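Here the structure is laid out as C-alpha cells; the discussion comes afterwards.
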Amino acid sequence: MAGGGAEISLLFMTSIVVAVGLCKKLIRRRLYLDHRLFTFLMEMLSTFQICACTNELCLLGNVEPKPHVALSLTYGFTVLHGLTLSGSTCNPCGTLQSVWSGGVSLKTGGLKIAAQFVAAVVARVFMHCIWSLGIAETHFGAPSQGCSSPMQTTVMQAFCIELLFSAVFQLTFLRVERVNPKYRVHLISLLITLLVYAGGNLTGAIFNPALAFSLHPHCFYEKFLSYSLVYWVAPSLGTILVAFIWGEILPRIS
C-alpha cells in the first residue's frame, strides 16, 4: 500500500543525494582508477543525481498549494545539488561552454557529455523501476508510456524560450563565477527557480539537453525533430552565443 506522497518523495530524493555522495567518496579512494574513467564516473553520478531527483520532483508539481510547493522544492533541491555536486557540470551546455573557453579539452568534454547522457538514461530507467513499486501515492500517476509533453506552445516559441533561458543561465553563471561559493549557489538556485516559474508552463524551462532527455524520452522518440530542436539545439546555441560574446566580443570592447 502506498504511503503519503510528498513525504516519501522527499525522503527518496534525499536518499539519492546521500547514496550518490557515498558512491563518489568510494570512487575518490580508488586512486588507481584511470583518469578518464574517474572523470566519466564522477560526471555520470552527479548527472544521475540531478536527473533522478528532477524526475521525482516533477511528480510533486500538483501538490497544493500550487505552484508554491513545487517552486520551493525546486529552489531547495537546486541549492542541495549545488552544495553536493561542486566540480561537476551535469549539463552538456555547460560542458560546451568549458570546451569553448578552453577550460577542458575537446576529448574530456566529449567524455563528460557522454557520461551525462548515459546518466540520463540510467536515471529514467531507475525511476520507472521505483515508480512501478507504488511506494508513494504520487507514483501511481507517474507517466509510464508515451510522450507527456512539456511543450505547451509552438515549436518556434519553445525554441526561443529555451535558447533565451540557456543564454541567461550561462551568462549569469559566468558573471557570478567569482562570488563567494556560499552565496553563489543561492543566486544560481534563485535564478533557476525564477526561470521555472516564468517558463515552466510553456516548455518546462529545462535548458539542459541531458535532463530533457531523461524527463521526456518518449517525446524524442515520437517527435524527434521538434524536440531535438527545442531541447538540444536551442540551449546549445544559447550557450555558444554567450560563450562567443563573453570570450570574443566583450574583451575587444573593454
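The values are calculated or read from the model by the stated rules, or taken from the named source; none is laboratory data. Not measured: the values here are computed from a predicted model. Just the protein is used for accessible areas: all its heavy atoms, side chains included, with ligands, DNA and RNA removed. Shrake-Rupley method; radii C 1.70, N 1.55, O 1.52, S 1.80 Å.
Each helix, a run of at least 4 DSSP H residues, gives -39500 (n - 2.57); summed and divided by the residues of the chain, these come to -22500 deg cm²/dmol at 222 nm.
Along segment 230-240 the Karplus relation, 6.51 cos²θ - 1.76 cosθ + 1.60 evaluated at θ = phi - 60°, assigns HN-Hα couplings of 6, 9, 10, 5, 4, x, 5, 5, x, 5, 5 Hz to successive residues, with x for each Gly and Pro. Accessible surface of segment 1-129, 1.4 Å probe: 69 percent of it comes from carbon and sulfur atoms. Build a GNM of the chain with springs between Cα atoms under 10 Å apart, and of Glu64, Glu43, Glu137 the one that fluctuates most is Glu64. The Stokes-Einstein estimate for segment 11-148, based on a Kirkwood radius over Cα pairs and taken at 4 °C with 1.567 mPa s viscosity, is a diffusion coefficient of 80 µm²/s. Within the listed set Gly204, Gly82, Gly102, the Gaussian network model of the chain (springs between alpha-carbon atoms below 10 Å) gives the highest mean-square fluctuation for Gly102.
Computed over the chain with a Gaussian network model linking Cα atoms closer than 10 Å, the most mobile of Phe117, Phe12, Phe224 is Phe224. Heavy-atom accessible area with a 1.4 Å probe sorts Trp131, Trp100, Trp246, largest first, into Trp100, Trp246, Trp131. The mean accessible area for residues of the chain, using a 1.4 Å probe and ignoring ligands and nucleic acids, is 52 Å² per residue. The phi-based Karplus calculation (6.51 cos²θ - 1.76 cosθ + 1.60; θ = phi - 60°) puts the 3J(HN,Hα) values of segment 91-105 at 8, x, 5, x, 5, 4, 4, 5, 5, 4, 7, x, x, 9, 6 Hz, whole numbers, x for Gly and Pro.
The value obtained for the chain, namely the Cα convex hull volume divided by the number of residues, is 135 Å³ per residue. For segment 71-76, the Karplus equation 6.51 cos²θ - 1.76 cosθ + 1.60, evaluated at θ = phi - 60°, returns couplings of 5, 5, 5, 4, 5, x Hz by residue, with Gly and Pro reported as x.
Taking amide H positions as modeled 1.01 Å from N, with prolines and chain starts lacking one, the residues under 5 Å from Ala136 and 5 or more places away or on another chain are Gly3.
Projected onto its three principal axes, the C-alpha set of segment 40-120 covers 46, 22, 18 Å, listed from the longest axis down. Kirkwood radius for segment 73-212, taken over all pairs of different Cα atoms as the inverse mean of 1/r, rounds to 16.7 Å.
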